[in-house]
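To keep things clear, I will list the structure first and then write my remarks on it.
The values are calculated or read from the model by the stated rules, or taken from the named source; none is laboratory data. In this text, all values refer to a predicted model and were calculated from it rather than measured experimentally. Positions of Cβ are generated from backbone atoms using ideal geometry, with glycine treated the same way; all protein chains shown enter the neighbour counts.
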């Protein structure tokens, strides 16, 4: 049966040889069959309307969400074997988290002003109770996260390629090179199956060829655990600080106990996802270091080159191999590019862009809103309705030290520990213990800062205030934070894989 199928496939290829040659010529030249075939979908439609249609298998409705375009801001390259909800959360975080953080902070500042002027009532307790900033920030963040209308145009295959019209679908597949050439950047939603999928490999090869020396600056690698990890962290942190503020307990000792008790249920999912991400980093590097074109699989090969109707199919591998040979001089040369230059791009992205300082700041935004609540309450209970310059300075000091310096530094240390412990979590119970350990270390570091601050303020200064302490603490904390983030979170641990910082890729002209 296998020989008969192979014979039928060869006969089909011979009969369609002129058509195949024209398809390969279009793919190699990275041209579109017609201007109308180039369609993109706005990010807000992909996030807000496409999921419902995809869940109902309404592919015609999804295609109707796309629009004709001459260029794309992003090309979303992904494996169809990756869970859809993982890809959705990554796209949601990458595109909407920054504007959501800005909107949330603006809402918190507005609540701060309204509370300070007395337009919002005290509602959480008898002695103290201005905690409007944190709920306002949380509400603003998640409303903007879900409803933000990003106008960027992206190429998403399931929406931009007609899935029910075989003629339009064939035209779009032949025009795939044009879609990549017209894209400003390539977003790679990476999971363990990515380099084993033939069309994913083709998309990477076509993009490298189309952008030439500047390709490295146009590729963004996003492991699929990143978006869910950040969103889980923000949600857990929001719940943590809100419950602490609502409890109306002093930080030492009962407030600290509440924070410690809630840390595991609120941040446990984040810790588990970070550990899973760190384990996947090793596998990604190994996949690229040992990449071969022969290991990439296509759905046509998996189905024995027989479509659902029983008719024979042409193998995608032969067409894609011809294109890669035309672009790079051969599959061996392309494999060399992937193992060397693409690996360098991956390491650079993982070291500097995945868990970056500013992404940590996005996740830690609830701490900023909580600081505003605490100081709004302090101002409201003060002797004067107008805060003194020293009180304003102390509020800004807390924001800078805790929100912008302390929490990102603790996160950097925990990320390094998670990567160092990536080989220890072979069993599920071990992974749970590692997640608990990470949270415990983070709580210990935060507690250490609080204890040192209390000792300096209450013991050494006798409860007084000394501006010199702030003048010493700010530069010291800034130096520690800069030293932890200067080379990127994973840079020192990925040094064995690092090539010089990727600036040029040289596929065959």
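Here is how the numbers come out for the structure above:
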{"quantity": "Within segment 418-440, considering residues that are touching a helix residue (DSSP H, G or I) at 6+ places or on another chain (Cβ under 7 Å) and surrounded by fewer than 16 Cβ atoms within 10 Å (Cβ to Cβ), the one farthest from residue 260 (Cα to Cα)", "calculated": "424"}
{"quantity": "Count of residues meeting criterion [in contact with a helix residue (DSSP H, G or I) (Cβ under 6 Å, 6 or more places away or on another chain), at pLDDT below 85 and outside any helix (DSSP H, G or I)] in segment 217-268", "calculated": "1"}
{"quantity": "Test result for residue 400, in contact with a helix residue (DSSP H, G or I) (Cβ under 6 Å, 6 or more places away or on another chain), part of a helix (DSSP H, G or I) and surrounded by 15 or more Cβ atoms within 10 Å (Cβ to Cβ)", "calculated": "no"}
{"quantity": "Of all residues making up segment 341-364, the number that are at pLDDT 85 or above and in a helix (DSSP H, G or I)", "calculated": "7"}
{"quantity": "Residue match in segment 451-468 (condition: closer than 30 Å to residue 350 by Cβ and assigned to a helix (DSSP H, G or I))", "calculated": "no"}
{"quantity": "In segment 158-188, residue surrounded by the most Cβ atoms within 10 Å (Cβ to Cβ) [restricted to those that are assigned to a helix (DSSP H, G or I) and free of Cβ contacts under 8 Å to residues at least 60 places away in the same chain]", "calculated": "173"}
{"quantity": "Top-ranked residue in segment 59-90 [being part of a helix (DSSP H, G or I) and in contact with a strand residue (DSSP E or B) (Cβ under 7 Å, 6 or more places away or on another chain); ranked as farthest from residue 357 (Cα to Cα)]", "calculated": "87"}
{"quantity": "Every residue from segment 287-316 that is part of a helix (DSSP H, G or I), surrounded by 12 or more Cβ atoms within 10 Å (Cβ to Cβ) and modelled with pLDDT of 80 or more", "calculated": "287, 288, 289, 293, 295"}
